[in-house]
Amino acid sequence: MHYEQDRPRRLREQLRGQLVTPEDPDYDAARAVFNAMVDKRPAGVIHVAQVSDVIAGVNFARESSMPLAIRGGGHSAPGFGTWDDALVLDFVNRTGVRVDPQKSRARAEGGTTWADFNHATHAFGLATTGGIV
């Protein structure tokens, strides 16, 4: 039993980002998604800071036989970015956009919304088609 209780602490030690579990005061905020009608209770939410957090989270979920959910910008109307008793990799803080104006290309991180993308490309006189959500 001690081994199981120790697992979240060991996962936290591997992360640069934050692991939020049901015991944490900000759990309800961390598990919330854009569609407030979706009310899932994941086992934990990792706010991804860098690629090593993704690796640690995927390994932890696999070793624990735990479902894994991936949340990008958080706007999935059906709430696909979360799941009960799953580990959620939340990319909400990964919103960087790199624009190469010479090639008219942009590269966006996993949590980027269209608003983030449009803001970055507009500075270079570029635009793309896409929805709001």
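The values are calculated or read from the model by the stated rules, or taken from the named source; none is laboratory data. Small disclaimer: the values here were computed from a predicted structure and weren't measured. Reconstructed Cβ throughout: ideal geometry from the backbone, glycine too, with neighbour counts over all protein chains shown. With ligands, DNA and RNA removed, areas are computed over all heavy atoms of the protein, side chains included. Shrake-Rupley method; radii C 1.70, N 1.55, O 1.52, S 1.80 Å.
Of the set (1) within 16 Å of the chain's Cα centre (by Cα); (2) over 25 Å from Glu23 (Cβ atoms); (3) polar (S, T, N, Q), all apply to Ser104 but (1).
For region 84-106, the set of residues classified as open to solvent by 50 Å² or more (accessible area, probe 1.4 Å) and part of a strand (DSSP E or B) consists of Arg98, Asp100, Arg105, listed by residue number. Residues that are among the acidic types (Asp, Glu) and more than 14 Å from the chain's Cα centre (by Cα) within region 49-74 comprise just one, Glu63. Under the condition of being charged (D, E, K, R) and either modelled with pLDDT under 95 or in a loop (DSSP other than H, G, I, E, B) (or both), which residue from region 32-61 is surrounded by the most Cβ atoms within 10 Å (Cβ to Cβ)? Among those residues, the one meeting the criterion is Lys40. So how many residues does region 1-31 have that are assigned to a loop (DSSP other than H, G, I, E, B) and either among the acidic types (Asp, Glu) or more than 24 Å from Gly96 (Cβ to Cβ) (or both)? Residues flagged as assigned to a loop (DSSP other than H, G, I, E, B) and either among the acidic types (Asp, Glu) or more than 24 Å from Gly96 (Cβ to Cβ) (or both) within region 1-31 amount to 7.
One residue is enough: does region 63-78 have a residue meeting the conditions part of a helix (DSSP H, G or I) and within 17 Å of Arg7 (Cα to Cα)? Yes: one or more hits.
Of all residues in region 107-133, those that are buried (at least 18 other Cβ atoms within 10 Å of the Cβ), assigned to a loop (DSSP other than H, G, I, E, B) and modelled with pLDDT of 90 or more total 3.
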